[in-house]
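The values are calculated or read from the model by the stated rules, or taken from the named source; none is laboratory data. None of these values were measured; they are calculated from a predicted model. Note that each Cβ is placed from the backbone with ideal geometry, even for glycine, and that neighbours are counted across all protein chains shown. Surface accessibility is based on the protein's heavy atoms, side chains included, excluding ligands, DNA and RNA. Shrake-Rupley method; radii C 1.70, N 1.55, O 1.52, S 1.80 Å.
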Amino acid sequence: MSYKLKSATDQPAGEADVSKVRDTVESMIKDISVRGDAGVRTYSAMFDKWEPKTFRMSQADIDACLAELTPQQIEDIKFAQAQVRNFAEHQLASMKDIEVETFPGVILGHKNIPIETVGCYVPSGKYPLVASAHMGIVTAKVAGAKRVIATSPPFDGRPSPAVIAAIHLAGADEIYCLGGVQAIASMALGIGEFPQVDMIVGPGNAYVAEAKRQFFGKVGIDLVAGPTETLVIADDTVDGELVATDLLGQAEHGPTSPAVLITTSKRLADETLVEIERLLGLLDTQEIARQAWDNYGEIIVCENDEEMIRESDLIASEHVQVMTKNPDFFLERLQNYGALFLGTRTNVAYGDKVIGTNHTLPTSGAARFTGGLWVGKFLKTCTYQRILTDEASSMIGEYCSRLCILEGFSGHAEQANIRVRRFGHKEVAFGKAVE
C-alpha cells in the first residue's frame, strides 16, 4: 500500500483562475477580430511595450541577431536541430501511404498529406526558449509543410537574438516578433501582415494556451499544454542527489510545475528530501523552484514496482523518468506519459533541448489520451476508394442499399440502387432496398 512522504499543498489552478483566463482571452480575441491590426498593436504595446513599424523580421534584422551569437552557440543550435530532424525523418519513414484490394475489384487506400501552412509559436518573454523553435519548425518542415511561419515575443524589449537565430536556422519561411494572445489571433485570423495558417503549434503561458484552445476548430493545434510536469520513478539503485537534481531541474520551469518522486525505497525518499534542500540553496532559479517544490512537489513510497506503475499511470505526467534496476519492465507496462526517459544516463533536459525527441508534450492528465507533437501531427491521413469492375460495384451496392433503407435514407439508397441497375442489371425500385 503506497503512502505519501510529502504531499502537494496546492492543487492546480481553480475554476476561478481558469475562468479569468478564459474570459480575458475571449475578450481580447473579440476585440482583435473587430479592430484587426490596430487591436494587435494595442495589446503588443500594453503587454510587451513593443510597437515596431512591422512585426515581420527583415533579413537584415535576422542577420543582426545571428551576429550576436558566437560560432559555438550557432553550432550548438545546429547540432540540436540535426537531432530533431533526424528523428522526425525516421518517424516520417514509418508512415506509409497504403492501397489494398479488399474484395476483387474494390480498392481502398490512404495518403498522408502535409498541412499546407503552419504557424509556430516560440516563447521568449520570460526565458528565450530556443529549443521550441526546433520542435515546431524543423518537425513541420520534415513533414512537408509548404509554408512555415514563426512568431516569438520580444525579450528584454527587443527580439531575442538566440530565439530568432534558432527560428531562422530551423528553416522558417517568415519570422515575426510578436507574442501572447495577439500573436495567436494574428496567425489564426490572418491579420495585417500575418498569413492565415491552417495549424498553430508551440508552448506558451496560460493565455497563449487558452487562445489556442479557443481557436481550435478554426485552425488545428498540437495540444493545450499547462505547466511543465516531471515524475521520477526510482528504486534503491540510485541516490538522492541524482533524483533531487532531476526533480528541481524541471521545477524551475515555473512556480506551479509539479515534481513527483515515486519510489520503493524509504531511504531514497528521505535522502532526496535532504538533497532537495541542499540544492535549492545553490540554484540560480531557487525562488521559482522552491515555490514549485513546496506547493506542488510530492514523494510517494510504494511497496513494489507494480504499485509504482499504477501510481504513475494515475498521475499521467508529461515527463516520466525511470531510474531502476530494470527500466525495460516499466517501458513494457507504463501506459500514461508524455515522454519516457529510461535509465540514469538520460534525463528530461536532454529531451527538452537536444536529444531529438519532441518536447511539446501533454500535461494535466492528457497523456491518458494523446501523445505529444511529432511529425504525424503535421500530416492529414486521408482515405480514397476506387471500384474497378461492374460486379464489385453491384455487390457493394446491394449491401449499401439495404443498410441505407435500414437507417431511413432513401436518397443514399438510390445512390447504390442506380449502380445495381446499371452495373448489375437488376431491377430495384427507386428509393427502395435491394431484395
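Tabulated data for the structure shown
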read-out	value
Count of the stretch 393-413 residues which are under 24 Å from residue 102 (Cα atoms), buried (at least 18 other Cβ atoms within 10 Å of the Cβ) and not small (Gly, Ala, Ser)	5
In the stretch 69-122, the residues that are open to solvent by 60 Å² or more (accessible area, probe 1.4 Å) and in a helix (DSSP H, G or I)	71, 72, 73, 75, 76, 78, 79, 85, 86, 87, 89, 90
Pairs, first assigned to a helix (DSSP H, G or I) and at pLDDT below 95 in the stretch 382-408, second surrounded by 19 or more Cβ atoms within 10 Å (Cβ to Cβ) and among the charged types (D, E, K, R), C-beta under 9 Å, six or more apart	none
Out of 51, 26, sole residue that is out of contact with any Leu (no Cβ under 8 Å at 6 or more places or on another chain), farther than 28 Å from residue 139 by Cβ and outside any helix (DSSP H, G or I)	51
Residue in the stretch 274-283 that is crowded, with 21+ Cβ neighbours inside 10 Å and not in a loop (DSSP other than H, G, I, E, B) present	yes
Any hit, the stretch 10-27, residues being in contact (Cβ under 8 Å) with a residue 40 or more places away in the chain, under 29 Å from residue 191 (Cα atoms) and in contact with a Cys (Cβ under 9 Å, 6 or more places away or on another chain)	no
Residue among 343, 356 that alone is surrounded by fewer than 19 Cβ atoms within 10 Å (Cβ to Cβ), on the phi > 0 side of the Ramachandran plot, small (Gly, Ala, Ser) and without any contact (Cβ under 8 Å) to a residue 24 or more places away in the chain	343
Flag for residue 53 being over 26 Å from the mean Cα position of the chain (by Cα) and more than 22 Å from residue 155 (Cβ to Cβ)	no
Every residue from the stretch 1-16 that is closer than 28 Å to residue 300 by Cα, at pLDDT below 85 and open to solvent by less than 90 Å² (accessible area, probe 1.4 Å)	10, 13, 14
